Amino acid sequence: MIALVTGANRGIGREVCRQLAALGHTVLLGARSLEAATTVAGRLGPNARPLELDVTSEGDVERAVEEVTERFGRLDVLINNAAITYDTWQRAVDADLDVVREAAETNLYGPWRLSQRSVPLLRKSRHPRIVNVSSEAASLAGMGGGTPAYSVSKVALNALTRMLAAELRSEGILVNAVCPGWVATDMGGPGGRPVAAGASGVVWAATLPDDGPTGGFFRDGRPLPW
């Protein structure tokens, strides 16, 4: 299986790569810095390959897809993990909309752009999967105030998940959103659950059987309210 993971040089992305590589998957470790991707890939072993990829760059996305096409001819799993701006200092009522736009470029348009470009490669897979790493902060059912840039961009990512799942269902491409929970990463900060626990739910969605769910929102393999 060929899996591409974005934002993979640290945190949840790195651990997802580690777990997938341990399962025998060939993991393309996408990061804005090729040097960082190469360093992490070297630590994860021969199943991990570095890939320079800034999801906000059309050129980077095009080059990455071309590289995957040339080297493998298909893609089995796309994991849209890269995310920025957990803006705890902002409120929606007076948020800096430039910060919101910047967050959306990575958290929404990046996954959207990469998914669009990757669909032709996913169609060549026997077991294609797209996993969008989201957050319970995007659940409208329990939403309050705060973190507007992050929350709104993840709500939109959830909506994109539903749309892609509906449009690709007939082709057998399973598309789901996964909340890893509050995880002790650079973004999540100290006190969260172990990174391995958060990543395992992402790996679960990446390795679903062909009759698995699509268009869902999950944490630890269990549905979350939208």
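Is it the case that the stretch 133-155 has a residue that's part of a strand (DSSP E or B), in contact with a helix residue (DSSP H, G or I) (Cβ under 7 Å, 6 or more places away or on another chain) and not hydrophobic (A, V, I, L, M, F, W, C)?
no
From the list Val131, Val65, which one is among the aliphatic types (A, V, I, L, M) and more than 17 Å from Met1 (Cβ to Cβ)?
Result of the check over Val131, Val65: Val65.
Condition first: modelled with pLDDT of 60 or more and at positive phi. Now tell me which residues in the stretch 173-190 satisfy that.
Gly181
In this structure, does Ser115 turn out to be out of contact with any Cys (no Cβ under 8 Å at 6 or more places or on another chain) and assigned to a loop (DSSP other than H, G, I, E, B)?
No.
The values are calculated or read from the model by the stated rules, or taken from the named source; none is laboratory data. Not measured: the values here are computed from a predicted model. Please note: Cβ atoms are built from the backbone with ideal geometry, for glycine as well, and neighbour counts cover all protein chains shown.
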